[in-house]
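These notes are about the structure you will find just below.
The values are calculated or read from the model by the stated rules, or taken from the named source; none is laboratory data. Just so we're clear, the structure is a prediction, and the values are computed from it rather than from any experiment. When we count neighbours, we look across all protein chains shown, and the Cβ atoms used for this are built from the backbone with ideal geometry, even at glycine.
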Amino acid sequence: MKKTALITGGSRGIGFGIAQALAREGFDLAINGMRMEEEVKDPLDELRELGADVLYCQGDVGDPEARKNIFDIIKKHFGRLNVLVNNAGVAPKERKDILEATEESFEYVLKTNLNSAYFLSQAAANWMIAQKNDKDDFEASIINVSSISATVASVNRGEYCVAKAGMSMATQLFAVRLGEYNIPVFEVRPGVIATDMTSAVTAKYDKLIAEGLCVQKRWGQPEDVGKAVAALASGNFPYSTGQVIMVDGGLTIPRL
């Protein structure tokens, strides 16, 4: 039986790169996104052409009722879930210095970027434990897609950094809690990746990358992150729970 993965924010950007990589590895996919299904027909069809059974789960993962509905749909369609990829994320609507940023913006970003991952992991973990109790050889894992912003401070988007730092701790917490069930939990930490979210700062990062921001002098691509997630989801790192996989072209290597 094919493994099934839920990817939040899986119809565009990094999430779609992950979905493509998992489809190529033989996974069936539950893709979550905010847009209506007819608006994401092309990427969903592309994933189906790669051989995946693709279920679209529309909804705001920051909303508890929407999260419950997503799992209900997956249970009805697939009856199983092997991998949860917490990828959905938003940037602040306005980049503001932390001396001026609003509480509204803080709550907006953390609701989508951190609350959703924490409570989706909780729900997925309980279901995965039940599936393992039913079948000893059932394989499961949780993969959190964070950011170098978990440790690299950007004072004009502090809420984003705080959310990603929180996700990093959530990875360790769930790794510890799920160790007895042999359900590994990982964090994938991308650097500067070419997506819709970074399109507004293309010129800035073009210049920085050319000047040596990254050891590998290029933008990261969604497929770079996808390959890392696929390796983890496929079970190739069975004894590395709680660990961080950097996908940043060497950006965070301390250099003189």
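Assorted remarks:
- Per-region count, region 183-242, residues more than 13 Å from residue 14 (Cα to Cα), of a type in the set (A, V, I, L, M) and not in a helix (DSSP H, G or I): 4
- Flag if residue 133 is within 28 Å of residue 237 (Cα to Cα), crowded, with 21+ Cβ neighbours inside 10 Å and at pLDDT 95 or above: no
- Exactly one residue out of 154, 147, 199 is within 13 Å of the chain's Cα centre (by Cα) and of a type in the set (S, T, N, Q), and it is 147.
- Where a residue in region 161-172 is in contact (Cβ under 8 Å) with a residue 24 or more places away in the chain and its partner, wherever it lies, is outside any helix (DSSP H, G or I) and of a type in the set (A, V, I, L, M, F, W, C), with Cβ under 7 Å and at least six apart: 171/185; 171/186
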